[in-house]
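Take a look at the structure below.
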Amino acid sequence: MLKYIVSDFEKFRLTTGDSSIGAMVICDSSEQAEKLKEVFDYTYADTSDKEVESNLAADPLMPYNAKMAAQNKVTSAALILHDAGTKLEREDLIEDFKHGKVDLLFV
Amino acid sequence: MLLTGFDAPRLKKLYVTRVIKAHNLLQALTRVNRSYKDFRYGYVVDFADIQSEFDKTIGDYFDELQRELGSEAEHYSQLFKTKEEIDQDIQHIQDVLFQYNTSNAEGFSQQVSQINDQKTMLELTKALNNAKELYNLIRLSGQYDILESWISGC
């Protein structure tokens, strides 16, 4: 399911021509949400600095489709549950999402 | 969690993996309807088959609105778009475009420049914009059968 969600969301960003949009996954249970986040971090998360990535995307030598793919790539996710982390941590994550630093939310 | 009072306009895509009940469902779905850039729709991917619960909820909600607002409620029945409504929209676009020459760009441009009436022009612009958005939407969801029937209908 996660594979579908990530590829669908990347395709969605490409089709709408807007890499700034975010997505939310409403999970069945907190266990599922935790597991999804774990798998996401293992498979898709890019821990390198966003700064480096944007420089890379601006490289004029990069083919257009590769550039678009890099821009639309889903690289960060956050887990928001009542029982995970402190209230402050959750608020930080929500702020990060609103400002576009997080691509995907698991709730 | 996070279904209520969460306002992030850039959130435009929602993946639903469980059936959410009643007003919570509406709350959840409307997370994606904040206005953001040129988006006219929010998008929902349904893994949990929320359709029946959705029909029930929207029916209840509609009844409640109708009790409170009377005939005003009619304007609110168009909150969500189904495949049937998209088909209807396509039909409407075809009706509007019918009198124009859509196979020849030059001919079409000449016809457009002859329009003097603001209302006709507005209707045409609306139909074309709608067509563009629906086209993207259909391509995105991979429902090429609709697209083919559309093109052959033009």
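The values are calculated or read from the model by the stated rules, or taken from the named source; none is laboratory data. Bear in mind the structure is a predicted one, so any value in this text is a computation, not a measurement. Every residue, glycine among them, receives a Cβ derived from its backbone with ideal geometry; neighbour counts consider all protein chains shown. These accessible areas exclude ligands, DNA and RNA; they are computed on the full protein's heavy atoms, side chains included. Shrake-Rupley method; radii C 1.70, N 1.55, O 1.52, S 1.80 Å.
So which residues in region A:19-48 are of a type in the set (A, V, I, L, M, F, W, C) and in a loop (DSSP other than H, G, I, E, B)?
Answer for region A:19-48, where residues must be of a type in the set (A, V, I, L, M, F, W, C) and in a loop (DSSP other than H, G, I, E, B): A:I21, A:C27, A:A45.
Quick check: is even one residue across region B:86-96 under 30 Å from A:H99 (Cβ atoms), open to solvent by less than 30 Å² (accessible area, probe 1.4 Å), at pLDDT 70 or above and more than 8 Å from every other protein chain (Cβ to nearest Cβ)? No, region B:86-96 has no match at all. The residue that is surrounded by the most Cβ atoms within 10 Å (Cβ to Cβ), among those in region A:85-101 that are touching a residue at least 40 places away in the same chain (Cβ under 8 Å) and within 10 Å of chain B (Cβ to nearest Cβ), is A:F97. Scanning region B:30-49 for residues that are farther than 21 Å from B:I138 by Cβ and either open to solvent by less than 80 Å² (accessible area, probe 1.4 Å) or not polar (S, T, N, Q) (or both) gives B:T30, B:R31, B:R34, B:Y36, B:A48, B:D49.
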